[in-house]
1. Helix-only mean residue ellipticity at 222 nm, the chain, DSSP H runs n ≥ 4 weighted -39,500 (n - 2.57), per residue, nearest 500. What is it?
2. With the contact rule set at Cα under 8 Å and sequence spacing of 6 or more, what percent relative contact order holds for the chain?
3. Note down the magnitude of the dipole of segment 3-112 about its Cα centre, charges +1 on Lys and Arg C-beta and -1 on Asp and Glu C-beta and zero elsewhere, to the nearest 20 debye.
4. Hey, in the GNM for the chain with a 10 angstrom Cα cutoff, which one of V81, V91, V29 fluctuates hardest?
5. Could you grab the Rg to Rh ratio for segment 3-112? Cα atoms only, Kirkwood for Rh.
6. Can you tally the net charge around K65? Count Lys and Arg as +1, Asp and Glu as -1, for every other residue whose Cβ sits under 13 Å from the Cβ of K65.
7. How many nm is it between the label spots at R21 and E92, if each spot is 7 Å from the Cα in line with the beta carbon?
8. Among all stretches of the chain without exposed GluC sites (Glu not before Pro) (DSSP loop, at most 14 other Cβ atoms within 10 Å), which one is longest?
Amino acid sequence: MRFLVVDDSPTMRRIVVNALRSFGHEDVVEAEDGQDALAKLHTESVDFVITDWNMPNMNGLELTKAIRSDSNFSELPILMVTTRGLKQDIVEALQAKVNNFVVKPFTPAVLKEKIEALV
């Protein structure tokens, strides 16, 4: 399974990638914002998207809406990993059709549990 990890923070991308590797997922593509992620979706084969919400150029919510509006990617699992944990934020993300939601900070075990619930 190939993951696309989208976050404007290189440190956060490294944390997510290392967590994925710790439970056996070695095939990872990285993107620094939603625009970069959309470009990579069109050039790379991706099975699962893990995205931050707050990013420049195109945020995670806009990325989710763009993915869902493209028939080629409309069924792609999307996990949002963000500091935004208010109920209204979670509702907004779910309305955009994010499959699941993790609030930072998180443990690798929580990330693994959320991913496994979607695959």
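1. It lands at -13000 deg cm²/dmol.
2. 23 percent
3. Values: 11 positive and 16 negative charges, 88 e Å.
Computed about the Cα centre, the dipole is about 420 debye.
4. V91
5. On the way: Rg = 12.7 Å, Rh = 13.7 Å.
Result: Rg/Rh = 0.92.
6. Charge balance in the 13 Å sphere: -1.
7. 3.4 nm
8. The reported range is 76-119.
Read the figures in this text as sums done on the coordinates, not as results from a lab. Every value quoted in this text rests on a predicted model; they were computed, and no experiment measured them. Using ideal geometry, Cβ is built from the backbone for each residue, glycine included, and neighbour counts are taken over all protein chains shown.
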